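Input: a single structure, listed below in structure tokens.
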Amino acid sequence: MSRTCVSCRLKARASNCCCVPTIATFPPPLDWKARSKNASNDTCNGLFSARTCYILHGMLVMIHTILIIFYVHHWEHNVTFSFTPTNNDFWPVVLSASLQAFYTIYTAVLLFLTQRLAISRSLVRRLKLTAIHDISGAWTGLGSALSSIWRQTDIPTSWWTTSAVTAYLVNITVLHITSSTLLQFQTFNTSMTTSVPTTLGWLDDSSYGSFANLGLITPSLPVVNHLTGLVSAGLSNTTLYDTLKSSAIAGNATVNATTITSHCGLIPNVTYSANTSTAIVPFGPNSSRVLNASTLWPDQIHIVPWMEYEDPYNKVTELNGVYLMVSTSLEIESSVRDEVAINMTWAVPGIVTPYVIQVYFVQCSLSANTTDGVVDMQTNSLLSPTSIPQPYTQWEINQFEASNTNWQAQIGSALATPDSSSGIIFQGTAPQITELSVADEYIMSLVGLNLTDEYSRFLYDGARPISNFTLRPDELEFAVARAAAQVIWIGKV
């Protein structure tokens, strides 16, 4: 404040003059506009945070109200997701984890905004420092809030506020738990009847009349035996079943499954001529057939080709099933052996007396039994195999029979084709040449015989023509049935 007046000093003596005190004024600070702008921004941010907080709380209440209504009326059961067996354990876990993550993030954002607004309000209200400290400490967690309430019993500075914070945290925790309880994912199985297009696994009997070239696919039998999964869809052991043309639907389907079985028996009264290497086989009560019967090495199985049969009327005779020559040991009575066995000889260089090899002629008839099978609609794999086990039985005597079904004759002809040689030749003296086919070698492998090992012992080890293997009828029956099923499956693929 100024205490002198300039005009008075100049005119003090001229006239009376009074001095009026003056107040010095200073210019405003330079950053007042910036401070004013920051204060405005803080106000806007506070209003935005408050609105966001209110909206999120309102949405939380609406979400839980809707969940409770859905839970009471079980409307959530109408919302389903389709899972395949391959991802049945994956997607439910992912959806449940995503739901939990949404609840956690939502409540975390809500808690952050509420805590920030509550502390700002405490500062604006100019509460005591002790009260602000207790309130801030209560917001750090439910445990801290309970501890703050406990301390308020000694020095009550902000009991109501800390109690409100504690109640809020308890409610948020309860809502977080109930949200997971009201809405959760549960897996269940359901079935729906519908029709789907299929590929037939078993054709009707009249369809096999055109299978004249089945013999060309017989060399593929060893390869088919190693196929698995989708590659062998439609075939399971000796069972042929329908397959689905579409894999878009998840579930199981009931289809037709046809199981092929075989019954093998010994053919009696076979007359063998070593000079001509032929055998006269009875065919019916008053007729017989003459066929070429090459000498077999011990422990071998040879499928007799149709073309070896002589027909005086120059017409093809269809035979019932598969006919084989077997040079293994059989568990039969001596009286039965005399009736069904024929003796073949194999001369060994350096040994005067040739070895005698007993060979049996076996007839294996085929039959088909069609039942219902269950198939996985996405993998086309048979879930309920209907393979009929071949029971262990004793060898029986069968009579030579004609076939009354086309498919048995076609399968027998395909397995007996001589065009697919295994490339393994057992050669002794001039008339002693044995060359088995791929089908022969495959049937032998199914019963436990190894043609390659036999040839190695014959060629390099000087093995003697003595049988060391006993063949059971159930083993041969399963091998023939499996080979027949595989030929049919290859023929329709």
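The values are calculated or read from the model by the stated rules, or taken from the named source; none is laboratory data. Predicted, not measured: the structure shown is a model, and the values here were computed from it. Backbone-built Cβ (ideal geometry, glycine too); neighbour counts: all protein chains shown. Accessible surface is based on the protein model in full, side chains and every heavy atom, while ligands, DNA and RNA are left aside. Shrake-Rupley method; radii C 1.70, N 1.55, O 1.52, S 1.80 Å.
One table, with the values for the structure above:
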{"item": "Top-ranked residue of region 272-291 - restricted to ones that are in a strand (DSSP E or B) and free of Cβ contacts under 8 Å to residues at least 24 places away in the same chain, ranked as least open to solvent (accessible area, probe 1.4 Å)", "result": "LEU291"}
{"item": "Total residues in region 250-273, condition under 46 Å from the mean Cα position of the chain (by Cα) and farther than 30 Å from GLN378 by Cα", "result": "5"}
{"item": "All positions within region 473-493 that are basic (Lys, Arg) and crowded, with 19+ Cβ neighbours inside 10 Å", "result": "ARG482"}
{"item": "Index of the failed condition, VAL362 passing every other in (1) farther than 18 Å from THR470 by Cα; (2) touching a Cys at 6+ places or on another chain (Cβ under 7 Å)", "result": "(1)"}
{"item": "Residues that are open to solvent by less than 60 Å² (accessible area, probe 1.4 Å), touching a Phe, Trp or Tyr at 6+ places or on another chain (Cβ under 9 Å) and outside any helix (DSSP H, G or I), drawn from region 430-462", "result": "GLN432, THR434, LEU436, GLY448, LEU449"}
{"item": "Selection from region 327-347 of residues that are within 14 Å of LEU471 (Cβ to Cβ) and not in a helix (DSSP H, G or I)", "result": "SER327, THR328, SER329, LEU330, GLU331, ILE332, ALA341"}
{"item": "Flag if ALA253 is at pLDDT below 80 and not polar (S, T, N, Q)", "result": "no"}
